[in-house]
1. Those residues that are more than 6 Å from RNA strand B (Cβ to nearest atom) and open to solvent by 60 Å² or more (accessible area, probe 1.4 Å), I need them from the range A:618-629; list them, please.
2. Right, A:Glu283: near RNA strand B (Cβ under 9 Å from one of its atoms), open to solvent by 30 Å² or more (accessible area, probe 1.4 Å) and not small (Gly, Ala, Ser) or not?
3. Just one of the numbered conditions (1) of a type in the set (D, E, K, R); (2) out of contact with any Gly (no Cβ under 6 Å at 6 or more places or on another chain); (3) at pLDDT below 90 is not true of A:Lys317; which one?
4. Could you list, ordered by first residue, the pairs with Cβ atoms under 7 Å in which the first is in the range A:233-255 and over 17 Å from A:Glu396 (Cβ atoms) and near RNA strand B (Cβ under 10 Å from one of its atoms) and the second is of a type in the set (A, V, I, L, M, F, W, C) and open to solvent by 20 Å² or more (accessible area, probe 1.4 Å), at least 6 apart or interchain?
5. Select, from A:Lys112, A:Lys101, A:Lys91, the only residue that is within 30 Å of A:Trp745 (Cα to Cα) and charged (D, E, K, R).
6. Would you call A:Thr411 surrounded by fewer than 22 Cβ atoms within 10 Å (Cβ to Cβ) and touching a residue at least 60 places away in the same chain (Cβ under 8 Å)?
7. Residues to consider are A:Lys549, A:Lys476, A:Lys512, A:Lys520; find the one that is free of Cβ contacts under 8 Å to residues at least 60 places away in the same chain and more than 18 Å from A:Tyr42 (Cα to Cα).
8. Given the conditions (1) within 15 Å of RNA strand B (Cβ to nearest atom); (2) surrounded by 17 or more Cβ atoms within 10 Å (Cβ to Cβ); (3) modelled with pLDDT of 85 or more; (4) not hydroxyl-bearing (Ser, Thr, Tyr), report the number of the one that A:Cys175 does not fulfil.
Amino acid sequence: MKYNPLKIEKKWQKFWEQKKFYITPDKAKSKDNFYFLVEFPYPSGDLHIGHWYAFSVPDIAVRYWRMKGKNVMYPIGFDAFGLPAENAAIKNNLQPGDWTKKNIAYMTKQLKSMGAAFDWSRVVSTIDPDYYKWTQWIFLQFYKKGLAYRAKTLVNWCPKDKTVLANEQVIDGCCDRCGTEVVQKELAQWMYKITDYADKLIDDLEKVDWPEVTKTAQRNWIGRSCGAEIHFLLPNSTETIKVFTTRADTLYGATYMVLAPEHPLVTKLTKDQYLDSVGKYLEITKKKSELERASLEKEKTGVFTGAYAVNPVNNEKIPIWVADYVIGWYGTGAVMAVPAHDDRDFEFAKKFKLPIRAVIKPKAEWDFIGSAFVSDGVLVDSGDFTGYKSEDAREEIIEKLAKKGLAERRTNYKLHDWVLSRQRYWGAPIPMINCSKCGYKPVPENDLPVKLPKLEDYKPSADGRSPLAKAKEWLKVKCPHCGGEAERETDTMDTFVDSSWYFLRYADPHNKKAFADSDKMKNWLPVDLYVGGAEHNTMHLLYSRFFTKAMYDLGLLEFDEPFAVRINHGVILGPDSQKMSKSRGNVVNPDDLIKKYGADAVRMYLAFMGPYEQGGPWNPGGIIGVYRFLNRIWEMKEGVKKERGVLETQTIKENRVEVLNKESLERMFHKTAKKITDDIESFHFNTAISALMIQSNEMEKWGRFVPRSIFEGFIRLLAPFAPHITEDIWQNTLGHKKSIHLEKWPEYDPKLIVEEMIKLVVQVNGRARDVIEVMAGLDETAIREVALGSENIKKHIAGTEIKKTIFVKNRLINFVV
RNA sequence: GCUCGGGUGGCGGAAUGGCAUACGCACAUCACUUAAAAUGAUGCGGGAGAAAUCCCAUGUGGGUUCGAGUCCCACCCCGAGCACCA
């Protein structure tokens, strides 16, 4: 019978489902638990090859750890609320709920065709009221502790999607969903106080085994910088202007000050004759978009206010300017400008012909005409501090000013609080009630969930009012405080809120009384291994860490980092090396591939094509290689039905008879088993598959005489990679009664992976000149004798004297002449 | 500009400081076939040579070492993230 993947795969998938193999108990006798998490998909409607990469490749490791005797939980779910689903529903003229549920049903079917060891009994969907009840409940716990609050601030507004966005969702000034340029709007929004955790979020990165890229991305994103706020006095006034700086050592070089246009003192301190020009400047900046303002290409602009500030270290009067290169919300919105030691100030000073005064010098003489000197050095022209090193001067100057009340140490962060409210329909309602008498009051926990009402017209509106405002009946509610007439909050939550705790729910997905039972969480959490895309570095992964830390502080969790180990997978690109997209027409459809080659071949090829962290373009011709490999295994099984007890056979190669003996094949098998064991554990699936191919190439030489014991071991090694074909061979051909996926992983014998005969390289002057086959473990004297017997070596050292011999046991001998 | 990755055959890629190019794809020749597909065998970095064998080659230029794709220094290119954050 020919290899027919379609037929056998369906059959075994059904078998596994009926036998409930992958339904993971919370505890299993004498087995350690292993929580293996992959990012749950967003139900876009169709499984694409990227999903296969994300789920079927890690499934190799899942199946491996199960065979190794661990009780592995591999859950799956759907991140189903959110903008894209809603936009798709609008486009298709459907209810978002109908659209999403249809997609979930279809994708569930597709996911099952993957042959992954998902535990379908734990499936979680964020749109399920039983789920978002707890999303709302967690919000209320945060609210009670002041970690969720409402405030009016400048927020990112997407004019197309008609909603606010978190800072993390603005990419290069544009909405990360639709690409429209984001505008700044002052709106009252619900926020999570993630900034309270800025330090812990940076410092605790030490505790986790995550890729360095992810860690640095998070550190950069949080952007901690330690420095001081320094008070500049205004002449004839008690008022001061505070500036934030990390370079107090350059204070003597401050020649002017710059306020951001948003700074509250700008109009107040501007002198009469400058009011016109400053007013005009403020007008112009207001019209600029964030993107324009942030553009580095444009020339710096600014105006003088006519006012002066006094430098606290030397009582020098310096002019105060307004310029939009200073960011209003960061630090104090005001900076002291030290053009000699800051690139931006330098550029500005040159343009407006402001003085440039060097106060830090490297050892050598240095001229500031060309550019600013921004490194640390030694202070010059700095009063009492002349001669100090930068790093000392910083401390001392702050210290001195602090004593006079003119400075205080300060740490600033780039991180903003997380704006979680969205003026859109398709999300979990924020469980708050707005009473005209009492203000905002939380929905009593007993009334949760606040269910999302069905709305005929759920489209967003331009005025920033959520569509839920149209649900008149739903809106009306009694104030939980005074009992009077009140209205529900109409904003919904950002989807990232839903996904910030889903991994907790998998531990206890059907709990009606709590988001998860604490004993059940003990079984599984924190997550042992989390595999997902690098695009979540500063979003989902940061938010989840924040949730975990906040919930830990609330006493809801017993750990403060959610994911012990993180692996980022690469992205599969189209054959043209471009990102796959329908408009480009370079989308690879996994369903077609399965029909042609089977799920085993698809998963194996994805694992084989390169390092998992790397991803890369899909090569349409490549899959045939693993397909052929599986076919050869399929053919090979025919000869193995019976153990023939053959210890030796032969094959003819290049007209030479090659003698094959079972012992050396056995040794090779143990080496292969070790290689594959190590490779799976380190996620090097491509080299593991290569080792499988090498082993099978060797076994093929045996024709119909492949020793059964070795073949069975091989099938077990192959099982995590190609679960269907191995199951079929295991049960149907080899006649085992139980599933291969309940078998133990082959343990290799360390004694057998040591070769008896080894190929030892003979070098002359570090260049390989011969290879000799010798007994393993021979010492230098013996090897030297054999090596010097080689004709080619004799030739290379003829007429010269051996000055030195380098000998590496079992590897090489090198004669230096 | 800063931070983190990476640069190896026609292609995807392999190599604890020790035979560079494993494994696979593509390609070529042969076998099977009326033919093709499938399958199998052989070859496949460049150069010289009948061959044995030798020389050159891991982005570029230096260095360390008996020996460097691997370590160090400088530079070039590609990718990702951050970016007027004081």
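The values are calculated or read from the model by the stated rules, or taken from the named source; none is laboratory data. Quantities reported herein were computed from a predicted structural model and do not represent experimental measurements. Cβ sites come from the backbone with ideal geometry, for glycine too, and all protein chains shown count toward neighbours. Heavy atoms of the whole protein, side chains included, go into the accessibility calculation; ligands, DNA and RNA do not. Shrake-Rupley method; radii C 1.70, N 1.55, O 1.52, S 1.80 Å.
1. Result: A:Pro620, single match.
2. Against the criterion (near RNA strand B (Cβ under 9 Å from one of its atoms), open to solvent by 30 Å² or more (accessible area, probe 1.4 Å) and not small (Gly, Ala, Ser)), A:Glu283 does not qualify.
3. (3)
4. That search, which allows pairs on different chains as well, returns A:Val243/A:Val335.
5. Sole residue among the options that is within 30 Å of A:Trp745 (Cα to Cα) and charged (D, E, K, R): A:Lys112.
6. So A:Thr411 passes the test.
7. Just one listed residue meets the conditions, A:Lys476.
8. Failing condition for A:Cys175: (3).
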